Structures are given as structure tokens and as C-alpha cells.
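We did not get these values from a lab; they are worked out from the coordinates using the rules stated. Remember, it's a predicted structure, so these values are computed and weren't measured experimentally. Every residue, glycine among them, receives a Cβ derived from its backbone with ideal geometry; neighbour counts consider all protein chains shown.
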Amino acid sequence: MVDVNMAGDDEEVPQVVLDFRKAQELEESNPAQAEPAYVAIISSDQETEEGMKVQEKSAYALGQLYVKSKAADKLERLAKDIRPFCIFWPKARTAKMIRALIDYMGQIPDARENQIEMCTDCVGWCKEEKRNFLRQRVETKLASLYVASGIYSKAEAVINSVSSEVKKLDDKLLLTEIHLIESILYFEINNLAKAKAALTASKTKANAIHCPPLLQAEIDLRSGILCMREKDFNTAYSYFYESFEAFHQAHDKRAGYCLKYMLLDRIMQETPDEVTILAAGKTFLKYLGAESEALITVAKALKARSLKDFETAKSAHEEVIAKDEIMSHHISNLYETLLQKNLLRIVEPYSHIQLSQVAKLIDLPIDLVQDKLSEMILDGKFEGTLDQGKGVVIVFDRQPISTTYENVLKSITNTSDVLNNMARKAQLLI
């Protein structure tokens, strides 16, 4: 609850302060009556610095009240209603309040569309009032909301526009945020080269300033996700742990995301025992959720080396896993890898083997086994063929790979290097 500390008796305290105290009391006893009390303070004419500060605190308190009651429409209207009074406030104070109200909207469930509309409307107002400092920050927030909503074309347009403008001002802190959002955008559209380049740019800007801990933690989180996609799981785990520590100290809910990816990282390294140890840690217990439980189930199936259990675990938590594209991508890849390894281990010792026997040994449906073996043959991961009429897998003998041409090219390259070195030494002697 917002509080105003004023010395002296009630007779010496300005009326606006008394009204604010009364509104605070109503918020605790009767929130429905607190709303009009705060609105009356915000809409009143205040000429003193003290009165303006109370107006500002009333706006924050009313915003928090709307968050508690999940009144997204009222919060959006509040951001518009305070604009006439912002003319009398310092620009930095106004920018802080507008951004706070936008962040408040993000705390209301299923209010992202309201938040986007709020940002879009605020950008238009900023252009009219020529408040470029605030506009650039709201546009950056708007771009991140577009990315989170999957509206990538609009996100890219906003990012490119605000990025070129901020680069001229050399605002390193804002550029750090912009490059980070740019990296997330390109990662979502599977342009990993650009995602990595944008993340490197964000790190470079962050190293040149005193980067806020939570922003640095977000950069570490994205670095870990990119390292996982490149299968550098040890480096990814280090990034996730650093990010988790920062979010945990700040009591930020994003610590749960870091824990989830730490568990996923250990699964991808095929060390399921470490998943159980991590999940049982005292620090991590408060962040366990449905996604963590799904990963623990998958880890148990991995430890049992049972593809059937793995498939069962995937199916049981399909809805949870599908919500996170990163989780879904890596778990699907792991399942495909394990399936291929198991099939090869079963069929390679034979020259001919019945499909039904392969399906029995691997404990999976025969149709799935047949489709997977066909795919592996086409991809060149398995040398053989399927006789579907007889229901038999025919395994070919592995042909030795000829290295003659490769060895010739290496010899030519080495000879060329020797001749070039000799020519350089001869020129030095001359």
C-alpha cells in the first residue's frame, strides 16, 4: 500500500493529504469506495509540489487497485485520464508513471491485447507532445509485446524504426534492451544467425555500462537458450544457473523459467539422475510447476531407457510441453535420437529380421517402426531396405568409404604450403 508520511496535526496537514489517507483506509476496508476517492484526488487542481506528489501517489495506488481487481479497461482509461495533469509534472516523473501503468497492465491475466493498445495509444500521444524519451521506451515495450504475441512483422518494423533512432543518440542501456528483443524476435522465426548477432550486440552494449541485474539475467537466459539450440549444453547450463541466481535474489518469477531449462539441459545431456537431484534442492522447490513435473517424468523414462515410457510421459504432459516451443523442440529431438539409436542397435546384427520382431523388441507399434525405418533409410542413417510384402527388414553390409580423393587433395594442399614457404625463404635470402 502506498503511504504518505507527513508531520504535524491534521489541522496543519493539507486537505489533499487527508483525502489520500482516507482513500488508503477505504482501500483496506471497502475497495469499491476507495476508487472514487483516488479518482477525486487525481482530477483535482493542485498547484503546490506537495499536492502534485500526492496526485502522483494516488495514480500509483489506483493502478495497483485495478490490478488487484483485474480491471484492465479501467487501468487503460486511467493512463489516458492522467495526461492533462502530466503537463504540470516533470517529464521524467511522467515517463516513470506511464511506464509503471503499462507494467501494471502486464500483471493482469489475459490482458496483453489491452497492453498493446495502451502502448500504441501512448506512442501516438508522445508524438503529439514531442516526448521522444518516453516514446522510444514505450515503442521498445510495444515491440516486446508484439514478439510475445507472435506478431513478428509489426515487431520487426517497430524494432528497426526505434533502433536506428536510438543508435544516433547512443543510449547504450536502451540499445541493450532493443538488441535483446531483436534477438528473441529472430530466434522465434528460426533465423539463428541474426539472433546470435543481435544477442552479441546486446552483450557488447551491456558490458559498456552498468547493466541492471535483471536485464543481465535476461541476457544470460537467452544466451543459454541459444547455446542449447547449438547443442553446447554445458555452456547453456552455466548461463541458466547465473540467470537463476539473479532472478531468485530479486524474487522474480522468471527464476522458474531458468530452473525449467536447467532441468531440460540435464535431460538433453542424458543425465536423468541430476534432474532428480536438482528438483529436490531446497532453493529450487518453490519454483517447481507443471512444466518441471513434466520434465521430471521424462527424466525417469530416460533413466529406465524405455522408449515406451518416454512416449507415455510425452503424451501425458503433451499440453504442458507443447506450450513451450523450446521444450517441445528439444524433447522431440531427444525422442527421435533415442528411437534411431535403439532401432539401429536391434537391426544391425542381422542380415534379415522380421518387422514384427523389431516392433516386439522395441515395444512400439509396428506402423511406427516401419515409418521410422523408412525415414532412416531415405536419410542415409541406415543402409538397408524394407520388403513390405514379406514384412522383413533387409540389412546391407556397410561399404568401406573411399578416402582416395580426400587424401589426394590433402597431399596437394600440403605440397602447395611447402612450396610457398620455400619461395618466401628464397626471397628473404635474395
Amide H to amide H under 5 Å from Ile209: which residues, 5+ apart in sequence or cross-chain, H placed 1.01 Å off N in plane? none
Principal semi-axes in Å for the stretch 173-229 [√(5λ), Cα gyration tensor, largest first]: 18, 11, 9
Per q in 0.14 Å⁻¹, report the Debye log10 I(q)/I(0) for the stretch 350-429, using one uniform scatterer on each alpha carbon and no solvent. -0.61
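Structure shown: which of Lys22/Lys141; Lys80/Lys323; Lys172/Lys194 lie over 23 Å apart, alpha-carbon to alpha-carbon?
Distance filter (> 23 Å) returns Lys22/Lys141; Lys80/Lys323.
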Which label belongs to the value computed from this structure, given these candidates for Rg/Rh (Cα atoms, Kirkwood Rh): (i) 1.14; (ii) 1.02; (iii) 0.95? (i)
Can you work out the Karplus-derived ³J(HN,Hα) for every residue in the stretch 292-303? Use 6.51 cos²θ - 1.76 cosθ + 1.60 with θ = phi - 60°, whole Hz, and x for glycine or proline. 5, 4, 4, 5, 5, 5, 5, 4, 5, 5, 5, 5
Of the residues Leu368, Leu428, Val418, the Cα lying farthest along the dipole of the stretch 350-429 towards its positive end, which is defined by charges on the beta carbon of Lys, Arg, Asp and Glu, belongs to Leu428
P(r) tail for the stretch 152-298, what percent of Cα pairs lie past 28 Å? 24
Enter the per residue convex hull volume of the stretch 47-88, computed from alpha-carbon coordinates, in Å³ rounded to the nearest integer. 48
Against the longest alpha carbon principal axis of the chain, how many degrees, from 0 to 90 and to the nearest 10, is the axis of helix 31-43 turned? 70
For helix 255-268, what angle does its Cα long axis make with the longest principal axis of the chain, in degrees from 0 to 90 and rounded to 10? 0
Highest mean first, how do 325-334, 174-183, 263-272 rank when packing is the count of other Cβ atoms within 10 Å averaged over residues? 174-183, 263-272, 325-334
